[in-house]
Amino acid sequence: MTISRSKTIALIVALCALVLGAMYGTYDYGKRTGQSQGYQWGLKKGRIEGARERPPEPVNRGHSATQLALAKEVAALGLEAGELEPLAALMNRAPSPCAGAAKRGVSLATALVDSSKKCPGFAASQARLALAASRSFDDPDEALAVLRIERRADLATDGRPSRGNPEAQVVLVEWADFQCPYCVRSQKLVEGLLSSREDFKVVFKHFPLSFHPAALPAALAVEAAREQGRFWEMHDALFDLGKGIGDGIDPDAQIPEDGPVPFEQVAERLGMDRSRYRQDYRSQEARDRVEADRNEALQLGVKGTPSFFIGGRRVAGRLSVAAFSALVDKALGERAGTFSWDLQPAP
């Protein structure tokens, strides 16, 4: 039986419609399923896969207690009698706090005694964490688990303007960008923590993002204000500007060669000398301090703002005054020589 041309075309159109309908139905079902449970399913799968991946196994090179005692980071710990030997054994088994070195099998002990394997930015604080873990747990494997999971950063805070208790050993360091809306909101968290306790201090560091035209000018403005003793006043005034901080900023002339500079009206309102403010704003010293903050952040793996460290520990997860306060308690415990899991008192 011969099928007419018109019927053939109709059949092809019907088949195409059927295929397209099935494709759309599959897409729509997948989209609805993904929206309802795909994200949570992905999180669950990520946790399962993460648990299967063992922490890196460092090469135990058997560095002696005598060798480790010569490392300045270990010498500064103030060890009690009998603590050096078990601490050396623990450090030989623990991974370097620098992720790249840990993947190559470098141990914490090697990172402390071998100049070619140094782990800048983490060595001193990780040694202190090792001591706290060693003092907290009788089982060496549990102390080792701490060093496989946790790491502490050595943050440069000496000589920096600070808020809170100037004598406090625990420091909250914030890297922020004055044009970042999330940074604006996070200031209330810091203020809430400062008003609730007096056993820590806050240090602010710059991380100006390239796509925010007012970020670098604002950072330079704060450093210029620092020279006249108005660091925190300018810090607060710029964050108070909110979304309007970029008004009038020329992204192609962030550091004008002559004439007015950004935020000088704010400086005058705060009682600063205008000519000195302009000079300090344009100074190489101000630019060097901003760049030093940014470079330190990049070395520690900071990629966005705001980023917080409390007691050298990167703050992750949902930010709240309660979470910050718990981390201050954790840092105080580690300073006293005890480590706690899940922010609970150490056993």
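Each residue of segment 301-311 was assigned a 3J(HN,Hα) from its phi angle through the Karplus curve 6.51 cos²θ - 1.76 cosθ + 1.60 (θ = phi - 60°); the sequence is x, 6, 10, x, 10, x, 10, 10, 10, 10, x Hz, with glycine and proline shown as x.
Dipole check for segment 71-187: with +1 at the C-beta of Lys and Arg, -1 at the C-beta of Asp and Glu, and the Cα centre as origin, the magnitude is about 520 Debye.
Among the cysteines of the chain, those whose beta-carbon sits 4.7 Å or more from every other cysteine beta-carbon are 16.
The helix-based estimate of mean residue ellipticity at 222 nm for the chain, built from -39,500 (n - 2.57) per DSSP H run of four or more residues and divided by its residue count, is -16000 deg cm²/dmol to the nearest 500.
Karplus-derived 3J(HN,Hα) values for segment 190-201, using 6.51 cos²θ - 1.76 cosθ + 1.60 with θ = phi - 60°, are 5, 4, x, 5, 4, 7, 9, 7, 10, 10, 8, 9 Hz; glycine and proline are entered as x.
Amide hydrogen proximity for residue 315: with H placed 1.01 Å from N in the peptide plane, the residues at 5 or more positions away or on another chain lying under 5 Å are 308, 309, 310. Quick one: Cα centre-to-centre distance for segment 58-92 and segment 225-266, in angstrom? Cα centroid to Cα centroid, the span is 49 Å. Under a 5 Å amide H cut-off, with hydrogens placed 1.01 Å from N, residue 96 pairs with 102, 106, 107, 108 among residues at least 5 apart or on other chains.
3J(HN,Hα) couplings calculated from phi for segment 237-243 with the Karplus curve 6.51 cos²θ - 1.76 cosθ + 1.60 (θ = phi - 60°) are, in sequence order, 5, 6, 5, 5, 5, x, 5 Hz; Gly and Pro show x. Each of 241, 140, 189 was scored by the projection of its Cα onto the charge dipole of the chain, and the greatest displacement toward the positive side belongs to 140; charges sit on the C-beta of Lys, Arg, Asp and Glu.
The tail of the calculated P(r) for the chain beyond 26 Å holds 61 percent of all Cα-Cα pairs. Each part reduced to its alpha carbon centroid, segment 112-146 and segment 181-211 end up 29 Å apart. Ranked by how many other Cβ atoms sit within 10 Å of their own Cβ, fewest first, the residues 139, 273, 252 fall in the order 252, 139, 273. Which cross-chain or sequence-distant (5 or more) residues have an amide H under 5 Å from the amide H of residue 205, H modelled 1.01 Å from N in plane? Placed amide hydrogens put 174, 175, 176 under 5 Å from residue 205.
With the cut-off at 19 Å, tell me which of the pairs 103/330; 188/243; 72/103; 205/303; 188/303 have Cα atoms farther apart than that. Can you show the working numbers first?
On the way: 103/330 28 Å; 188/243 16 Å; 72/103 25 Å; 205/303 14 Å; 188/303 22 Å.
From 103/330; 188/243; 72/103; 205/303; 188/303, over 19 Å: 103/330; 72/103; 188/303.
Dividing the Cα radius of gyration of segment 65-150 by its Kirkwood radius returns 0.92 for Rg/Rh.
Every read-out reported here was derived from the displayed coordinates using simple, explicitly stated rules and does not represent laboratory data. Keep in mind that what you see is a predicted model, and the values were worked out from it rather than measured. Quick reminder, even Gly has a Cβ in these numbers, built from the backbone with ideal geometry, and neighbours come from all protein chains shown.
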